[in-house]
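The values are calculated or read from the model by the stated rules, or taken from the named source; none is laboratory data. Please read these numbers as outputs of a predicted model, since none were measured by experiment. Here the Cβ is made from the backbone with ideal geometry for all residues, glycine too, and neighbour counts use every protein chain on show.
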Amino acid sequence: MSGFLDNIRCSCNIDVSEYRNSIASYSSGVLFAVGWWLFIDAQSIYSFDGALWVPSVASTVALFMINAISTGHITGETYNEGCIGTTGARIWLFLGFGFAFGGLIASCWIMAANYIIDDNGDTWVGVALFLQNFLIFLSSMMFKFGRTDDTF
């Protein structure tokens with residue numbers, strides 16, 4: 001069964017390499033907006049505790065932290081000066097990934113513990129919280145690794 005898509009041929013010759021940054025940026029923005037839309041929808045229907053906003057804010061901060069550092073900063077090709085140089089960029093990126101995974105794991109924990117196992121009200125709140133953080137995580141990864149740094 002593996003490799004059944006290998007025999008499918010596409011006769012269209014579409015070169016999207018010049019639009020790669022645009023496609024990744026727009027797709028990332030749509031994922032981010034849909035994630036927040038789902039969470040705001042759940043908040044507007046079911047008023048819930050303000051502590052549930054913490055994973056959402058952590059994931060959003062992670063998106064900015066991860067994408068504030070270019071690949072050249074991490075490898076040391078374009079940035080090796082400043083107070084802590086390449087090491088500081090790597091630490092910043094590591095903290096950004098920590099926030100991203102922390103928000104995703106916390107939202108999964110909240111969904112499972114509060115809305116699936118204990119059944120405190122409708123499960124849509126927990127599902128919306130998890131979906132939001134998952135979509136923000138995908139948005140962060142798409143925006144970081146879907147673009148190329150050679151064109152500005």
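Worth a mention:
- Candidates ALA58, ALA89 - the one that is surrounded by 13 or more Cβ atoms within 10 Å (Cβ to Cβ) and at pLDDT 90 or above: ALA58
- Residue pairs meeting the criteria (Cβ under 7 Å; at least 6 apart or on separate chains; first under 17 Å from ALA62 (Cβ atoms), in segment 20-47; second of a type in the set (Phe, Trp, Tyr) and in a helix (DSSP H, G or I)): SER28/PHE143
- Against the test of being of a type outside the set (Asp, Glu), farther than 23 Å from THR148 by Cα, out of contact with any His (no Cβ under 7 Å at 6 or more places or on another chain) and not in a loop (DSSP other than H, G, I, E, B), the options ALA100, ALA106 yield a single qualifying residue, ALA106.
- Matching residues, segment 44-71, being hydrophobic (A, V, I, L, M, F, W, C) and part of a loop (DSSP other than H, G, I, E, B): PHE48, ALA68, ILE69
- Among the conditions (1) charged (D, E, K, R); (2) assigned to a loop (DSSP other than H, G, I, E, B); (3) under 22 Å from PHE143 (Cβ atoms), ARG90 misses just one, which is (2).
- Segment 35-47, subset out of contact with any Gly (no Cβ under 8 Å at 6 or more places or on another chain) and more than 23 Å from MET141 (Cα to Cα), residue modelled with the lowest pLDDT: SER47
- Within segment 100-152, being free of Cβ contacts under 8 Å to residues at least 40 places away in the same chain and buried (at least 19 other Cβ atoms within 10 Å of the Cβ) holds for MET111, ASN114, TYR115, GLY126, PHE130.
- Hits in segment 1-34 (condition: of a type in the set (D, E, K, R) and at pLDDT 70 or above): GLU18, ARG20
- Matching residues, segment 29-51, being closer than 18 Å to ILE110 by Cα and surrounded by 13 or more Cβ atoms within 10 Å (Cβ to Cβ): GLY35, TRP36, LEU38, PHE39, ILE40, ASP41, ALA42, GLN43, PHE48
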